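The block underneath contains the structure these notes are about, expressed in structure tokens.
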Amino acid sequence: MPVAEIAPQLSVRFTEATLDYQDRRVWGDLSLEFDEPSFVAILGPNGSGKTSLLRVILGLTPLSSGGVEVLGEAPRRGNPGIGYVPQHQSFDQDLPLRGRDLVQLGIDGHRWGIGRPSSAARKRVAEVIEAVEATPYADAPIGRLSGGEQQRLRIAQAIVGDPRLLLCDEPLASLDLRYQQEITKLIGDWQRRTRRTVLFVTHDVNPILNLVDRVLFVVNGRWAAGTPDEVLTSERMSDLYGSHVDVLRVHGRILVVSDSTGSGFELEEPHHLPDIHDGPGPHARSAP
């Protein structure tokens, strides 16, 4: 008998979604889907609503109109099916919290009071810490670790609950090139191994370009979605920004050239041009 194909699971669906802030349209008429598995880069200039998109999915920010479905239900705070990796920010050096304790919060951080973790929880924490190669410093005070070491443990905290959807809000920011490569590999390896969905906001698409299935670009209240080859083109970018932009691929990296300056940049928030972040799943549709 032929083996039946398993239909892709829907991670997130936006339906004619609009987000306004006071009298400003952040983005509007957003209709797209992210299927499982996919690795999506969400891109756009500062203030274009990339982090707000994640906050809507997390149930922290309501839409102004339209709808959103997350893992088959309405967005809600504390959804255990979602893992979240924030932008790197250093902990206080004197914070009395070990790296292991931080990861443990990914299991029981929603509970009141201080409890004693079960043997199963301790085993799971140890397994995930080993998976992100943080065992040698897991018992050190979190504030005394380097930025890259702290971010490894944040990833462990985000995935310790085995989420179906992983949201990454500029996790490479403020990290040097070596740690950017290491963090990118950790998240990419997790996504390939689990076949789950990653939405990845970043200022520079190049470190994750080989991982990305889809791109979502948001700018000036408008958006475009599709594969990197569909969205990251001179024609599409010029249309979104309302001025001529050349998109070049040089030695495997994406660069842009703006007519307004006559100069070239890598796609990492060049002047008024976009920063690049995670995009949508296989069935995402572009705005007209």
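Points worth noting:
- For residue 31, the residues 5 or more places off, or on other chains, whose built amide H falls under 5 Å of its own are 16, 17.
- Sparse-neighbourhood loop sites, trypsin sites (Lys or Arg not before Pro) in the range 126-202 - DSSP loop, at most 13 other Cβ within 10 angstrom: 195
- Neighbour-limited loop hits for trypsin sites (Lys or Arg not before Pro), the range 1-99 (at most 15 other Cβ within 10 Å; DSSP other than H, G, I, E, B): 76, 77
- Net charge of neighbours whose Cβ lies under 12 Å from the Cβ of residue 95, counting Lys and Arg as +1 and Asp and Glu as -1: -1
- Distant-in-sequence amide contacts of residue 91, defined by a placed amide H-H separation under 5 Å and a gap of 5 or more residues or a different chain, comprise nothing.
- Look at the dipole of the range 91-162 built from charges on Cβ: of 153, 102, 121, the Cα furthest out on the positive end belongs to 121.
- Once the Cα-Cα distance is subtracted from the 0.36 nm per residue extended length, the residue 130 to residue 93 segment shows a gain of 11.0 nm.
- Estimated FRET transfer efficiency (residue 233, residue 105; beta-carbon r; R0 45 Å; 0.05): 0.60
Read the figures in this text as sums done on the coordinates, not as results from a lab. What you see is a predicted model; the values in this text were computed from it and never measured. Neighbour counts are summed over all protein chains in view; Cβ atoms, including those assigned to glycine, are modelled from backbone coordinates with ideal geometry.
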